[in-house]
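Below is one structure, written out as structure tokens; comments come after it.
Each reported figure results from applying straightforward, stated rules to the coordinates on display, with no laboratory input. This structure is a prediction, so every number in the text was calculated from the model and none was measured. As a convention, Cβ positions derive from the backbone with ideal geometry for all residues, glycine included, and neighbour counts pool all protein chains shown.
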Amino acid sequence: TQLLEQSPQFLSIQEGENLTVYCNSSSVFSSLQWYRQEPGEGPVLLVTVVTGGEVKKLKRLTFQFGDARKDSSLHITAAQPGDTGLYLCAASDSWGKLQFGAGTQVVVTP
Amino acid sequence: ETGVTQTPRHLVMGMTNKKSLKCEQHLGHNAMYWYKQSAKKPLELMFVYSLEERVENNSVPSRFSPECPNSSHLFLHLHTLQPEDSALYLCASSQEFRAGGRHEQFFGPGTRLTVL
């Protein structure tokens, strides 16, 4: 059973447009992380959200943790080609192991 | 070198070969991990080492054998692999590994493995 469901699986947009990707679960998490992975590289940690309802901003990226700490979203404003990559959400299960979603592949074309 | 490094970056091997993947972290972390990443599937955790002790073996076939000689180095020894083992193998480290921990992980670039 997949702990984290990410949607959409694939997103292709033009430069300058906005986009939102989602990470959902039926489980409650103490924290949730977002990573970005570019081709030929390992995932890179973008942010960790901890508190229900928390909103964190990283330049044009806005991360939100759901009030019930079961879901999260990532919103990118005015996307640029450099935002292209696989966006992964991850959360620790009760044993401390980090579970990853399958990811959302984002392609931003000039 | 900084962060997490992995060698080799690419590896092609036959089913009867024996090879090893190497990972080194320069972050002073106490936990290290091996993950398998296949196309369109979530990252699969294979092994976890905390303070050089294996704390997790996620039902991985015995043809994969990990080794952690010290807190900075991690190896994955491979033998008699199958074509379905072809994937990107990622090493990661975190400050610690414990129940309830955040385990923010720092990944290496991965080894792209192809088994013929």
Selected from A:G53, A:G42, A:G85 as most flexible by GNM, with chain A as the system and alpha-carbon contacts under 10 Å:
A:G42
Between the DSSP loop rule and a limit of at most 13 other Cβ atoms within 10 Å, which GluC sites (Glu not before Pro) in segment B:1-96 are left?
B:E1, B:E96
Can you compute 3J(HN,Hα) from phi for each residue in segment A:5-11, using the Karplus curve 6.51 cos²θ - 1.76 cosθ + 1.60 with θ = phi - 60°, rounded to whole Hz and x for Gly and Pro?
10, 10, 8, x, 6, 9, 9
Chain A, Gaussian network, Cα under 10 Å: of A:G52, A:G66, A:G40, the residue fluctuating most is A:G40
Filtered trypsin sites (Lys or Arg not before Pro), segment B:30-100: DSSP coil and at most 11 other beta carbons within 10 Å:
B:K40
Which of the residue pairs A:K59/B:K40; A:K70/B:K22; A:K70/B:K18 have a Cα-Cα distance greater than 32 Å in the structure shown?
A:K70/B:K22; A:K70/B:K18
Using the alpha-carbon centroid of each, what span in Å lies between segment B:12-53 and segment A:45-64?
28
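Stokes-Einstein D for the protein assembly as shown at 4 °C, 1.567 mPa s, Kirkwood Rh over Cα pairs, in µm²/s?
72
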Given +1 on the Cβ of Lys and Arg, -1 on the Cβ of Asp and Glu, and no further charges, what dipole in debye does chain B carry about its Cα centre, rounded to the nearest 20?
380
So what is the relative contact order of chain B, in percent, for Cα pairs below 8 Å that sit 6 or more residues apart?
36
